[in-house]
1. Averaging over every viewing direction, what projected area does the convex hull of the Cα atoms of the chain cover, in nm²?
2. Given N residues in region 1-127, what is Rg(Cα) / (2.2 N^0.38 Å)?
3. May I ask for the Kirkwood hydrodynamic radius of region 131-249, worked out over all distinct Cα pairs and given in angstroms to one decimal?
4. With r defined as the distance between the Cβ atoms of Y69 and A44 and R0 fixed at 30 Å, what FRET efficiency is calculated, to the nearest 0.05?
5. Quick one: longest stretch of the chain between exposed loop GluC sites (Glu not before Pro), exposed meaning at most 10 other C-beta atoms within 10 Å and loop per DSSP?
6. Go through 172-182, 245-255 and give me the packing order, highest mean Cβ count within 10 Å leading.
7. Starting from the Cα of R100, step 7 Å toward the Cβ, then list every residue of region 219-246 with an amide N under 17 Å from that point.
8. Provide the net charge surrounding M177, with neighbours chosen by a C-beta distance below 9 Å and charges set as Lys +1, Arg +1, Asp -1, Glu -1.
Amino acid sequence: MPAEAALDPISSAERERYRESGFFVRPGALGPGDLAPLRAAVEAIHARVVEAAGRVAAAPVERIDDRRYQSLLGSTVKWEWREGAPEIRSMEPFLHLDARLEGLVDDVRLAGPARELLGEPLALFTDKLNFKRPRGAPFPWHQDTPYWRFGCAHTDRLVSLQLYLDDATRENGCLWMIAGSHLHGDLPVHEDRGLLGRLYTDVDRVPAGERVPIEAPGGSVVFFHGDVVHGSRSNRGAGSRRALVLTYQPAGHPCWNREDVRNIRP
């Protein structure tokens, strides 16, 4: 964390936005000097994973509803939807793959607001990396909590953030939120669209709420509730729309689907 980094306490407007809409945004929370090494790190990770996938001894590609998944370098890798595409769609976890990233979870500009929202010391719950390359597929509307409930008994004590590494626009597939959707608990899913469809929210059966595009410059952070319905559209731009997703939980709990505990340093 840069020496000059400091926490701006959550404002009453941010807290109210989180309570009523399920999210709030801090534009430009990290600056260009912060982003350059992070971008280099995630590109190095992408290259390492692609190289590992090409090895003879690589884990086999698994398919769920014709989508490709692969276990590589201690991470679950989701490949782009286009058959044979060499680009990574997303991967989880990823912090362990580059020393420049591991300490990011302690950055007060990220962990500080999360600590204020939960009101207690934190540990890492999970970490995910989204690449969203040009032509990258959309991510359907969904809630995180129903998915996490398989293996977590305290989903009501989690808070997530997405850190944009690039300027995010409607054209390149920025995050979208359905404001207030977190107030309705588990929402209906697509039960007739295969296994993955059961993870995606049927928004035609969701109580009305404003669909908000989170357009913001690189370095912006979106803090959001696990029950808020969110997703993204395809990337129609010429560059990547990369983002890091961190989810925090109360201190002392192990990471999701793992045995290690990663408490956040004060």
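1. For the Cα atoms of the chain, the hull's average projected area reads 13.7 nm².
2. In units of the 2.2 N^0.38 Å rule of thumb, it is 1.30.
3. Details: mean 1/r = 0.0676 Å⁻¹.
So the Kirkwood estimate lands at 14.8 Å.
4. Numbers: r = 22 Å, r/R0 = 0.73.
With R0 = 30 Å, the Cβ-Cβ based efficiency is 0.85.
5. With GluC sites (Glu not before Pro) excluded where exposed in loops, the chain gives 84-190 as its longest stretch.
6. 172-182, 245-255
7. Zone members listed by number: 219, 240-245.
8. Here the charged neighbours net out to 0.
Readers should treat all values here as calculations from the given coordinates under stated rules, not as data from a laboratory. All of these numbers come straight from a predicted model, not from anything done at the bench. Every residue, glycine as well, gets a Cβ built from its backbone with ideal geometry; the counts of neighbours run over all protein chains shown.
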